[in-house]
Structure formats: C-alpha cells, structure tokens
1. When you look at Pro98, is it part of a loop (DSSP other than H, G, I, E, B), within 20 Å of Glu142 (Cβ to Cβ) and in contact (Cβ under 8 Å) with a residue 12 or more places away in the chain, yes or no?
2. Only one of (1) modelled with pLDDT under 95; (2) basic (Lys, Arg); (3) more than 17 Å from Arg106 (Cα to Cα) fails for Lys55. Which number is that?
3. Name the residue, out of Ala34, Ala90, that is of a type in the set (Gly, Ala, Ser) and surrounded by 15 or more Cβ atoms within 10 Å (Cβ to Cβ).
4. Checking Gly119 against (1) buried (at least 19 other Cβ atoms within 10 Å of the Cβ); (2) in a loop (DSSP other than H, G, I, E, B), which single condition isn't satisfied?
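The values are calculated or read from the model by the stated rules, or taken from the named source; none is laboratory data. Since we're looking at a predicted model, the values are computed, not measured. Every residue, glycine among them, receives a Cβ derived from its backbone with ideal geometry; neighbour counts consider all protein chains shown.
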Amino acid sequence: MQLTSPAFGHNQEIPSRFSCDGDNVNPPLEISGAPPGTASLVLILEDPDVPRNLKEDGMWDHWVLFNMPPDLAHIYENEEPPGRHGTGTAGNTGYFGPCPPDRRHRYFFKLFALDVRLGLPERVSKAEVESAMSGHVLASAELVGLYERKKG
C-alpha cells in the first residue's frame, strides 16, 4: 500500500499553504494498493516533535479520520474525505495544519487498511481509534513531511 502527495515528497518540505502560515488546508493525497479484504481506511496525521513543556508526551494529533471507503484513491486539496472524524489535540475534527512553535518538525501521515469498519462515533480520540484498530490492520503506509515556520 502506498500514500503519496503530488504537493511534496517523502521527507520533503510541506508547502506553507498547507500550514498555519498559509491557507491551513489539507494537502492532496493519493492512496494505492489497499489489499484485498480491506473494509475501511484510517488516516492519522501526527507531529511527534512538540516541545515537552507544551505537551508532556511530545505528540500533537493534527487529523484523525476513520471508516474511510476501502477504494478511496484520492483525498483532494482542501477537501475532507468521506468517513468519520476523530478529534485532534486542538479539539479539531478536520485538518489542522503544521504550526510548529520552535523549529522544523516532522509530520507523519499514517494510513491503515483495516479488515473491519470501526464501531466508533465521531469525535473520538486518536487513542480510541488506535485501540479499536488493534488486530485489524491488513497493511499500512506512511508519508513524512517537514515544516518549519518562516521567521518574520
């Protein structure tokens, strides 16, 4: 399974229009190779580089989506895909772009193919989604983008 973006490459800079310095809209993503038996897709965007004095575990959840259709091939720019939205660290239920407070951060777009649809309501946490996914992951893919705010 693969997760790519026409807007940036793996381990490359995320354009500022997808951040708090720009339009704060989601980048386009392309999905391919979900295995047979996939019942749903999960997408999580997280930043593990948050200063510990701001968040004890150093993790910021930017986007949590689950129960996306198994045949989803494109997530278009500035368009939330079909599925259910979990809640991010900022209380957001949609995309929340990169906005690092201190230096360049890594942003992990993590895609999972599951053999079930998750019986969870909207607005659950990433931890609840990850717990429900346990034992149901058929395949996964990851796209890492980098972002550092421009000093004004």
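1. Details: part of a loop (DSSP other than H, G, I, E, B): yes; within 20 Å of Glu142 (Cβ to Cβ): yes; in contact (Cβ under 8 Å) with a residue 12 or more places away in the chain: yes.
Yes; evaluated as a whole, the condition is true for this residue.
2. Single failed check for Lys55: (3).
3. Ala34
4. It fails just one condition, (1).
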